[in-house]
1. Ordering Ile624, Ile452 by accessible area with a probe of 1.4 Å, largest first, what comes out?
2. What are the ³J(HN,Hα) couplings of the range 449-457, residue after residue, when phi is run through the Karplus curve with 6.51, -1.76, 1.60 and θ = phi - 60°? Round to Hz, x for glycine and proline.
3. Ignoring ligands, DNA and RNA, what accessible area per residue does the chain give at 1.4 Å, in Å²?
4. In the range 565-597, which residues have a backbone nitrogen under 15 Å from the label point lying 7 Å from Val549's Cα in the Cα-to-Cβ direction?
5. Near the amide H of Ile178, under 5 Å away, which other amide H atoms are found, from residues 5 or more places off or on another chain, if H is placed in the peptide plane?
6. Tell me, what HN-Hα J-couplings in whole Hz come from the Karplus equation 6.51 cos²θ - 1.76 cosθ + 1.60 at θ = phi - 60° for each residue of the range 399-406, using x for Gly and Pro?
7. Taking the Cα of Lys266, stepping 7 Å toward and past its beta carbon, and measuring to each backbone N in the range 76-93: which are under 19 Å?
8. Rg and Dmax of the range 585-626, using alpha carbons, in Å: what are they?
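The values are calculated or read from the model by the stated rules, or taken from the named source; none is laboratory data. Predicted model only: the values in this text are computed from it and were never measured. For neighbour counting, all protein chains shown are included, and Cβ atoms are generated from backbone atoms with ideal geometry for every residue, glycine included. In case anyone asks, the SASA skips ligands and DNA or RNA and just uses the protein heavy atoms, side chains included. Shrake-Rupley method; radii C 1.70, N 1.55, O 1.52, S 1.80 Å.
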Amino acid sequence: MSALITPELVALDKNLGAAPSSVIRHLAELVVGAGRATEIESLYADALAREAKTATGIPGGLAIPHCRSAAVTEPTLALARLASPVDFGAADGPADLVFLIAAPEGADQEHLKILAKLARSLMKAPFTAALRAAKTQAEIVELVTSVVSPAPVAAGGVAGAGANVGSTPAASAGVKRIVAVTACPTGIAHTYMAAESLVAAAKAAGVDLQVETQGSAGLTMLDPAVIAAADAVIFAVDVDVRGRERFAGKPVIQVPVKRGIDEPAKLIHDALAAAQNPNARRVGGTVGAAEAEETSEHFGQKVKRALLTGVSYMIPFVAGGGLLIALGFLLGGYEITEVADTVTLENNLFNLPEGGMLTYLGAVFFKIGALSMGFLVPALAGYIAYAIADRPGIAPGFVAGAVAGFMGAGFLGGIAGGLLAGVAAASFAKLDVPRWLRSLMPVVIIPLVASIVASGLMFLVLGGPIALLTTALNEWLAGMTGASAILLGLILGLMMGFDLGGPVNKVAYAFAVAGLGTATMANQAPWQIMAAVMAAGMVPPLAMALATVLDRRLFTVAERENGKAAWLLGASFISEGAIPFAAADVLRVIPASMVGAGVTGALSMAWGVTSKAPHGGMFVFFAIDSFALFALAIAIGTVVTAILVIALKRYARKTPLVTADAAAPALVNA
């Protein structure tokens, strides 16, 4: 096994700029320079995307940006000890020790366990103090190697990466027992650091705590006897808890995983209080991730999370289906819609229809795509219900979605049916039933009853009115011309440029994707909306790339490099390609991005451009009608944003302009 860190991966006492992006960029360059990654841009983009999800600063002047990336060839650690600390979002201030943990997409378990050991060691004050006191890069490497070495853990030490952390179940009489689960999206760092922090806080409070780490280094589930003896449970997670039903009935505190690092003592205190409170929130037998949220989460937030979960699971059906329909039109012409059923049923490769092979393949592609699109509403409803009630909600949700489709209620009906099914399934999961009936609840009783309730309400009460509303909405969209269409495109464009892949951007995108299933040759408005949203989302990264070319002096060396990558990211409809620029200069980049994206969205709608594909940017040209106008709308918006960014950087500032070549490595808002 090769060393995870070497002297050339260590930067000591350097000023790497004022923004996390510039520090991450430098560490990515070290990794590539050491031959451990194939190219800088992909690694940098992956690490920055992870940073955008949750800040990686932790108490004690530390930051641990990390990611999995296809560019990484072997698991690697890179360290920067900063002369000028940088704010990575920790509650207690900026970080002077920054570890970049870079793992390949398919990293092996042994390497991941070692990375987890490092994450745990960073929570120990003697280790971080030694890192700050080290004189040379070689000393740093020796210190890190000593804690990540795969030597056996000494008696009484911390458990391995894939094991449970904490004391044994043989706690003394009267001692409170708590179990916890920690998990983060990548499962590399926060998962194990939160576990270590909770264990230390529990020890200080005299509480018996055992933690199950659901990370990338493997999973060893808590002993059922330990769970049964626990007084309360803490879920410090950013993803669903695996095997959540094991904790059914326990008082629960659920928080984001980072709070397990930042506020472990408070979580222990809250868990002890919940154990004494008969009205405390408890883990249901089959509830999903949304059920046991901490009490501060509002109803609206729960609904939004359920809706976004449904959309995220629905998109693959739409993406594949939309592209296949576009290929069907490309090969068989638009008349293929009238003959696709007959051709696919009555013809084959040895009995080609009139029109030959192209017509036959066009019919096959179109039919597969149409069938895939048929899952749009059921999948949306099914996974909304799943987000609320976990697996028992899937079947009732799919059935309610199918009913919505049958009644013509469209995606609005799917949303309503999914919410009904999820709430019904979660409600029945809370019932206290005899032990002999519990095993039947999630697989028979709950799906049956929830399907009757949700689908029955759709048939008897909600389906008809929602179908009328859907019909009216479709007719309004189909009849949009002139100013109304341009206004809608402008609004959607502004939303796409507002937060570059954030919640507002996702709402606009979800609206466009959800409407694709209702598009036909007679009603092309949903395809027009999809084209406007995709075109607008491509503008911010392309504009940042153009701006770095038009006036290089306004941008740092790191930003110029980001600009090169932004060309490809923008062309691929990855709005996040503009995030490094926005992070360094949000008050100028975001307004400029919104204006250019709004212009593009309005132009796309005004020109009637359509897209049958929900993603892909320039690379799905065959699915975009009037592609020349599509490209022209993007070009105009890109130029508008680039000129605005340059103007704002030059003139909208309180201090005189200092060219980036002579300035510090990163720009900050003036």
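1. Ranking Ile624, Ile452 by accessible area, largest first, yields Ile452, Ile624.
2. Ordered by residue, 3J(HN,Hα) equals 5, 5, 5, 5, 5, 5, 5, x, 5 Hz.
3. Details: 27000 Å² over 670 residues.
Here the per-residue accessible area is 40 Å².
4. 565-572
5. For Ile178, the qualifying residues are Asp208, Leu209, Gln210, Asp231.
6. Here the 3J(HN,Hα) series is 5, 5, x, 5, 5, 4, x, 4 Hz.
7. Counting only backbone N, you get 88-93.
8. When restricted to Cα atoms, the range 585-626 yields Rg and Dmax of 13.1, 37 Å.
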